[in-house]
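Let me begin by presenting the structure, written as structure tokens, before commenting on it.
What follows draws every value from the coordinates through simple rules; no lab data is involved. Predicted model, so just to flag it, every value in this text is computed and none were measured. Ideal geometry is used to build each Cβ from the backbone, glycine not excepted, and the neighbour counts take in all protein chains shown.
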Amino acid sequence: MANDVRPRVKVPKSASAGETVTLKTLISHPMESGQRKDKEGNLIPRSIINRFTCEFNGQMVIDVTMEPAISTNPYFEFDATVAEAGEFKFTWYDDDGSVYEDKKPIAVS
Amino acid sequence: MTKQVTSKVLIALGFAASTLAIATSAHATDPTEPLVVNGEIEIVTHTAAPAHLEGLKTIQSGWEFRTPETQDLQRDDFDNPGMIGVDNAREAWNTVEGTAEKSCASCHEAPESLAGVRAVYPKWNDKAEEVRTLEMQINGCRTENMGAEALDYTDNKMTEMVALLSAVSRGMPVNVAIDGPAQAMWEKGKEMYYTRTGQLELSCANCHEDNYDNLIRADHLSQGMINGFPAYRLGDAKLIAVHTRFKGCVRDTRAETYKPGSPEFVALELYVASRGNGLSVEGPSVRN
């Protein structure tokens, strides 16, 4: 597992039914592209997060395939329409098999 | 303020709008909107120059020379990638290190207890009889009080800790002392600032006082203020310390650079910091 990987998400605490809310996510990760060389000229192996998903009450909101050109600490901002109270589940999949998760509830008023 | 960057940006947008039918600025914040972090910390990004500074009437933070997109990254801590380093430093703050089995928190409690410290550094230290930068003070704490090893001057951990101390001082006016025992160092720094150096024979002032806001290749020259340091530079994708930036500038004049942490750079940091007296502490800032 890459060092210092920490997911962060920002979700409003509540929304009105049917409202579109903006979600922000950020994960600290070096995103080593696999194309750089170290001082001795050896290739530094690729180590990136290759997939990011967001689900709401089990329903997929966004499913992103990530490629080596994506920068360090990938940041995603997207909208979701909230029909009912529930929980957003965010998942990041690392090349090395690690899975990072975060969950945030949202109330509907 | 005829030289402020915002006016130029507006003109540029005007040209773009005529061909691209606006759209580009649909969500972008008005570039003239002042910088307020998290909707609560008001940042002074331009103000009257301090009395000792004859070359400038108005001092401006580097923030004003960046594009609206880059500026916006500083309005919310979640969007500011430099805050990742601050979070790391908060963890380090509570981590016990060294033979005295102390962490920063053992003496200082919360980092917020040191709010205002960033604003007055570099500062004369009576006991050590030298001008100390924040980095030197942190290493002083580590070696003298914690019994821990000193960190490299520009080590990531060091820069992150400086970023944490800046973050808790944000919004406070920079106010470094240039008189008293620090004056000799300050004079030395001032002399360096105005001395041409390197194969290109450029002084700091040639770019940052005589030509700020003009383009250097594709980039706007700033006034070289350091109130926003450590700065998260998008091109480096990490926090950059003041002395690393100095080194880059001196290198660009094609001169042999001084080492980060050297007395020359400490003097220069004291002088450059004093040029920004009156601007708000802004670090960790976002720059390109």
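Some observations on this one:
- Distance between modelled label sites at A:Thr65 and B:Asn288, nm, 7 Å Cα→Cβ extension: 3.0 nm
- For the range B:63-142, averaging the sequence separation of C-alpha pairs within contact (under 8 Å, six or more residues apart) and dividing by the residue count gives a relative contact order of 13 percent.
- Two-decimal Rg/Rh across chain B, once Rg and the Kirkwood Rh are taken from alpha-carbon atoms: 0.98
- Crossing angle, helix B:82-93 versus chain B [Cα axis fit, 0-90 degrees, rounded to tens]: 10 degrees
- Using the Cβ-Cβ distance between A:Asp38 and A:Ala17 with R0 = 56 Å, the FRET efficiency computed as 1/(1 + (r/R0)^6) comes to roughly 0.55.
- If a spin label sat at a point 7 angstrom from the Cα of B:Lys259 along the line to its beta carbon, the backbone N atoms of the range B:140-163 nearer than 13 Å would be those of B:152-154.
- FRET efficiency, B:Asp210 to B:Asn175 (Cβ-Cβ, R0 35 Å, nearest 0.05): 0.85
- Estimated dipole of chain B in Debye, rounded to 20 [Cβ of Lys and Arg +1, of Asp and Glu -1, Cα centre]: 620 debye
- In chain A, Cα pairs under 8 Å separated by at least six residues give a relative contact order of 33 percent.
- Converting the Cα gyration tensor eigenvalues of the protein assembly as shown into ellipsoid dimensions via √(5λ) gives semi-axes, longest first, of 37, 28, 21 Å.
- With 0.36 nm allotted per residue and the present C-alpha distance subtracted, the B:Glu101-B:Thr67 stretch has 7.6 nm of extension available.
- Straight-line reach from B:Lys157: taking Cα to Cα under 16 Å and skipping same-chain neighbours fewer than 8 places apart, the lysines in range are B:Lys238.
- Using C-alpha pairs below 8 Å separated by at least 6 residues, the relative contact order for chain B is 26 percent.
- Computed [θ] at 222 nm, deg cm²/dmol, chain B (DSSP H ≥ 4; -39,500 (n - 2.57); rounded to nearest 500): -10000 deg cm²/dmol
- In range of the label at B:Ile41: residues from the range B:268-287 whose backbone nitrogen is under 12 Å from the point 7 Å along Cα→Cβ: B:280-286
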